[in-house]
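None of the figures in this text is laboratory data; all of them are computed from the coordinates on show. Since we're looking at a predicted model, the values are computed, not measured. Using ideal geometry, Cβ is built from the backbone for each residue, glycine included, and neighbour counts are taken over all protein chains shown.
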Amino acid sequence: MPTVKVLRNGQLTLPKRLREQLHISEGDILEAEIQADAIVLRPKVLLDKDQAWQKLKAVMERVGRRHKGIPEEEIERDVLEAIRAMRRANADATAQSRA
């Protein structure tokens, strides 16, 4: 198991092998959490709110073009159901990684 040394102000350097395995680069954001007597670091992806809305709008436009004639309410309901399913899957994956 690789070891790291804590430097001034609590800084540390993650070993290259670990960074490569998790595709962590300079400037990436990590989530830090204490579990029992360990510090757990997880790569975190942050999205710009405006960028996320633009991507969502683009997806909705594609969905709308593919589903002409289907009521907007039905499409919206399907999209919300898909979002809920993704959130459940992400929560399950997070719970499994913590176990």
Mind putting a number on the dipole of region 47-99 about its Cα centre? Charges go on the C-beta only, +1 for Lys and Arg and -1 for Asp and Glu, and I need it in Debye to the nearest 20.
-> 200
Roughly what would the spin-label model give for VAL59 and LEU12, points 7 Å off Cα along C-beta, in nm?
-> 3.5
Of the options GLY10, GLY69, ASN90, report the single residue whose Cα projects farthest towards the positive end of the charge dipole of the chain (beta-carbon charges: Lys, Arg +1; Asp, Glu -1).
-> GLY10
Enter the angle in degrees (range 0 to 90, nearest 10) between the Cα long axis of helix 72-98 and the first principal axis of the Cα atoms of the chain, meaning the one along which they spread out most.
-> 20
With Cα atoms, 0 to 90° folded angle of helix 49-66 axis to the chain main axis | 40
Which shape class, rounded, prolate or oblate, goes with region 47-99 when its Cα gyration tensor gives a ≥ b ≥ c as root eigenvalues, a/c under 1.5 marks rounded, and past that a/b bigger than b/c marks prolate?
-> oblate
For VAL63, VAL6, VAL45, what's the fewest-to-most ordering of other Cβ within 10 Å of each Cβ?
-> VAL45, VAL6, VAL63
In debye to the nearest 20, how big a dipole does the chain give about its Cα centre with +1 on each Lys and Arg Cβ and -1 on each Asp and Glu Cβ?
-> 340
Where the centre of each part is set by its Cα atoms, how far does region 20-48 sit from region 63-95, in angstrom?
-> 28
Between ILE75 and HIS23, what is the FRET efficiency for a Förster distance of 30 Å, r being their Cβ-Cβ separation, to the nearest 0.05?
-> 0.30
With percent of Cα pairs over 17 Å apart defined as stated, name the option among [x] 59; [y] 70; [z] 55 computed from the structure displayed.
-> [y]
Rounded to the nearest 500, what is the chain's calculated 222 nm mean residue ellipticity when only DSSP H runs of at least 4 contribute -39500 (n - 2.57) each, over all residues?
-> -17500 deg cm²/dmol
